[in-house]
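Peer 1: Structure provided below as structure tokens; questions to follow.
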Amino acid sequence: MPAARRRLRPLQLHARLTHSSSSDTTHFGFQNVPRHKKEDMVKSVFSSVASSYDVMNDAMSLGVHRLWKHDFVSTLNPGASGPSKCIDLAGGTGDIALRILDHAREKHYDRETTVDIVDLNPDMLKEGQKRFKQTMYHNTPQVSFHVANAQALPPAQFPSDNYDLYTIAFGIRNCTDIPAVLREAHRVLKPGGTFACLEFSRVDNSLLSTLYDSYSFSIIPLMGSIIAADRDSYQYLVESIRRFPSQPDFSEMIREAGFTTGAPREGKGGAWRNLWGGVAAIHTGVKL
């Protein structure tokens, strides 16, 4: 097969997606930037949007993100097998962590499941701390907040074989080195532990894809200007979705990190499940 048509393995594909002709660069939305600068650029984006992040999510998705997150946590069913030790990466505002604890308590009468909320951005974590102050979990051992990088979790703070469940929702696409994030997820999970990712993805219907692109690039940055007074940050967030690997390629990256997944396809028994035709997708893997 000619080299130009050879299918790239996912890690090779990710290298191509995230690097320009120089190995010292990566993508930041549609821009190519020095790799060592991306982390600070992403932190700046989320510092800028932290206080309006949840409001903007509601406005951009017309509230649909709440349904997706509910679906995500319900599928994982925390507490079903007894109290779980969970870690939620890019979990700043505490949305997923709160859903995990509520689900365990309401469905399984479990008040012992715990969640470590981890985010690179202290401003996002502050929003999560505000949220939890209004809940019964505030000042309990069930929740804790940590500033750390998903690509290199400090082993002294996050030891190997430590968690039953690792979640990351709408965050992994912003990481500079996605394979490193997946390797760290595999390291900190116990054998039998579950990796679960909810992320924007590739739409599988051409008409829906066209409508979605038009909405994303025309409406979402405008909403960012009106609601958050920050068009550029939301322009980046839209662009970052388009730079994220497709569902088949991301599922293969999860397997290459050491996880066992379903069959390499969408749907029941598959490695991922599309939401709204692929606008978002849920990926899961198990550490054996």
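The values are calculated or read from the model by the stated rules, or taken from the named source; none is laboratory data. These figures come from a predicted structure and were not determined experimentally. In this analysis, Cβ positions are derived from the backbone assuming ideal geometry, glycine residues included, and neighbour counts consider all displayed protein chains. The area values use the complete protein model at the heavy-atom level, side chains included, leaving out ligands, DNA and RNA. Shrake-Rupley method; radii C 1.70, N 1.55, O 1.52, S 1.80 Å.
Peer 1: At 7 Å along Cα-to-Cβ for each site, give me the label-to-label distance between Ala229 and Asp204 in nm.
Peer 2: Going from the Ala229 label point to the Asp204 one covers 4.4 nm.
Peer 1: With contacts defined as alpha carbon pairs under 8 Å and 6 or more residues apart, what's the relative contact order of region 185-240 in percent? Write out the running numbers ahead of the final one.
Peer 2: Details: 22 pairs, mean separation 11.4, N = 56.
The normalised contact order for region 185-240 reaches 20 percent.
Peer 1: Can you pull the semi-axes for region 27-287, root of five times each eigenvalue of the Cα gyration tensor, sorted largest first, whole Å?
Peer 2: Values: eigenvalues 139, 94, 71 Å².
Calculated on Cα positions only, the semi-axes equal 26, 22, 19 Å.
Peer 1: Taking only the Cα atoms of region 87-128, how large is their convex hull per residue, in Å³? Provide the component values of the computation, followed by the final result.
Peer 2: Details: hull volume 2.3 nm³, N = 42.
Output value, Cα hull per residue: 54 Å³.
Peer 1: Under the rule of at least 5 residues apart or a separate chain, name every residue whose amide H is placed under 5 Å from the amide H of Tyr163.
Peer 2: Distant-sequence amide H within range of Tyr163: Leu189, Lys190.
Peer 1: Oh, and also: Taking amide hydrogens as modeled 1.01 Å from N in the peptide plane, which residues meet the under 5 Å criterion relative to Thr25, leaving out close sequence neighbours?
Peer 2: Amide H neighbours of Thr25: Ser20, Arg35.
Peer 1: Among Ser218, Ser206, Ser47, which one shows the biggest mean-square fluctuation in a GNM of the chain, springs joining Cα atoms closer than 10 Å?
Peer 2: Evaluated over the chain, the most mobile residue of the options is Ser206.
Peer 1: If packing is taken as the average count of other Cβ atoms within 10 Å, what order do 137-144, 151-158 fall into, highest mean first? Kindly include the intermediate steps, with their values, before the conclusion.
Peer 2: On the way: 137-144: 15.4, 151-158: 13.8.
Taking the mean over residues of other Cβ atoms within 10 Å, the ranking is 137-144, 151-158.
Peer 1: Over region 27-287, what is the relative contact order in whole percent, taking alpha-carbon pairs under 8 Å and six or more residues apart? Can you show the working numbers first?
Peer 2: Numbers: 464 pairs, mean separation 50.5, N = 261.
In percent, rounded to a whole number, it is 19.
Peer 1: Please list, in chain and number order, the residues 5+ apart from Thr113 or on another chain whose amide H is under 5 Å from its amide H, with Hs placed from the backbone.
Peer 2: Ser84
Peer 1: What is the percent carbon and sulfur in the accessible area of the chain, measuring with a 1.4 Å probe over the protein chains and ignoring ligands?
Peer 2: Working: 7100 of 13230 Å².
Taking all protein chains in place, the chain shows 54 percent carbon and sulfur surface.
Peer 1: I've got another one for you. Might you tell me the accessible area per residue for the chain, computed with a 1.4 Å probe and given in Å²?
Peer 2: Details: 13230 Å² over 288 residues.
It amounts to 46 Å² per residue over the chain.
Peer 1: Which lysines have a Cα lying under 25 Å from the Cα of Lys69, excluding residues fewer than 8 positions away in the same chain?
Peer 2: Lys43, Lys85, Lys107, Lys126, Lys130, Lys133, Lys190, Lys268, Lys287
Peer 1: Where does region 143-185 land on Rg(C-alpha)/(2.2 N^0.38 Å)? Don't jump to the answer; show the numbers that get you there.
Peer 2: Values: Rg = 10.5 Å, N = 43, 2.2 N^0.38 = 9.2 Å.
Scaled against compact globular proteins, the figure is 1.14.
Peer 1: Given R₀ = 35 Å, what would the calculated FRET efficiency be for Lys85 paired with Ser47, taking r from the Cβ atoms and rounding to 0.05?
Peer 2: Values: r = 29 Å, r/R0 = 0.84.
The calculated FRET efficiency here is 0.75.
Peer 1: Please report, in debye to the nearest 20, how large the charge dipole of the chain is about its Cα centre when each Lys and Arg carries +1 at its beta carbon and each Asp and Glu carries -1 there. Let's see the in-between values first.
Peer 2: Working: 33 positive and 30 negative charges, 129 e Å.
My answer is approximately 620 debye.
Peer 1: Considering the dipole of the chain built from charges on the beta carbon (Lys and Arg +1, Asp and Glu -1) around the Cα centre, which of Leu288, Ser218, Leu120 is farthest to its positive end?
Peer 2: The residue sitting farthest along the positive end of the dipole is Leu288.
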